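Some notes on the structure that comes next.
The values are calculated or read from the model by the stated rules, or taken from the named source; none is laboratory data. Since the structure is predicted, the reported quantities are computational estimates derived from the model, not experimental observations. Note that we place each Cβ from the backbone using ideal geometry, even for glycine, and neighbour counts take in every protein chain shown. Calculation scope for accessible area: heavy atoms of the full protein, side chains included, ligands and nucleic acids excluded. Shrake-Rupley method; radii C 1.70, N 1.55, O 1.52, S 1.80 Å.
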Amino acid sequence: VERTLSIIKPDATNRNLTGKINAKFEDAGLRIVAQKRIQLTKAQAGEFYAVHKERPFYDELCEFMASAPVVVQVLEGEGAIAKNRDVMGATNPADAAAGTIRAEFAESVGENSVHGSDAPETAAVEIAYFFSGLELVG
Ligand code: GTP
Ligand code: MG
């Protein structure tokens, strides 16, 4: 079975939406096999989002991700990476399909409530960034 790294971002933890977002994942058949609430430093957020270093919104993104606690989690299921991205919806909530997390909860293209890995290689790196093997209980 496939696993993916999910982050419930500061805009969503601030508004107490962790449970509603987790219900969307579970209703879609994704199992939450690891989860913890942490406070990222700006440097840690920058390391996690290093692929976006050259993008104009990089500094704003790192500030935002360090502005309040996040919930990092590992989701497991058949085709978990694609399934999670379907449930998340498009990056910009204005483009997100009805019923998706971003359509219902995201505030803007930057403060868009959730992160999800985009490929098996990035999922493996991102899961290892936050979790040890002992913390993953399928
Ligand atoms: P993630 O799952 O968070 O990686 O989202 P994504 O794959 O849908 O989007 P992408 O990887 O292109 O961008 C990563 C994150 O950067 C987005 O989720 C947004 O939080 C932020 N971001 C992307 N585009 C913009 C933008 O134009 N402005 C701002 N402020 N933030 C952006
Ligand atoms: Mg991405």
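Can you tally the net charge around Q44? Count Lys and Arg as +1, Asp and Glu as -1, for every other residue whose Cβ sits under 13 Å from the Cβ of Q44.
Details: positive: K42; negative: E47, E63, E126.
Its environment carries a net charge of -2.
Over the chain, one equal point on each Cα, no solvent: what is log10 I(q)/I(0) by the Debye formula at q = 0.14, 0.20 Å⁻¹?
Log10 I(q)/I(0), no solvent term: -0.58, -1.29.
Would you mind telling me the share, in percent, of accessible area of the range 16-86 contributed by carbon and sulfur at probe 1.4 angstrom?
Values: 1860 of 3910 Å².
Ligands and nucleic acids excluded, carbon and sulfur give 47 percent.
For A80, what charge total do you get from the other residues with a beta carbon under 13 Å from its beta carbon, if Lys and Arg give +1 and Asp and Glu give -1?
Details: positive: R3, R31, K83, R85; negative: E2, E26, E76, E78, D86, D118, E126.
Net charge in that neighbourhood comes out at -3.
Rounded to the nearest 0.05, what FRET efficiency do D118 and F57 have when you use their Cβ-Cβ distance and R0 = 22 Å?
In this case the efficiency is close to 0.85.
Out of residues 5 or more away from V114 or on other chains, whose amide H comes under 5 Å of its own, with H placed 1.01 Å from N in the peptide plane?
K9
Enumerate the calculated ³J(HN,Hα) couplings along the range 124-137 in order (Karplus 6.51 cos²θ - 1.76 cosθ + 1.60, θ = phi - 60°), each rounded to whole Hz, writing x wherever the residue is Gly or Pro.
These are the phi-based 3J(HN,Hα) values: 4, 5, 5, 5, 5, 5, 10, 10, 8, x, 5, 8, 9, 10 Hz.
Leaving ligands, DNA and RNA out of it, work out the accessible area of Y49 with a 1.4 Å probe and give it in Å² to the nearest 10.
So the heavy atoms of Y49 present about 10 Å² to solvent.
Can you give me the accessible area per residue for the range 1-133, using a 1.4 Å probe, in Å²? Spell out each step's value before the answer.
Values: 6540 Å² over 133 residues.
Value returned for the range 1-133: 49 Å² of accessible area per residue.
Using the Karplus curve 6.51 cos²θ - 1.76 cosθ + 1.60 with θ = phi - 60°, what ³J(HN,Hα) values do you get for each residue of the range 50-61, in whole Hz, with x for Gly and Pro?
Listing the rounded values in order: 3, 4, 9, 3, 8, 7, x, 8, 4, 5, 4, 4 Hz.
So which lysines can K42 reach, going by Cα to Cα under 22 Å and dropping same-chain residues fewer than 8 places off?
K9, K53
For the chain, which span is the longest to avoid every loop-located (per DSSP) member of trypsin sites (Lys or Arg not before Pro) having at most 15 other Cβ atoms inside 10 Å? Walk me through the numbers on the way to the answer.
Numbers: sites that count: R15, K53.
The reported range is 54-138.
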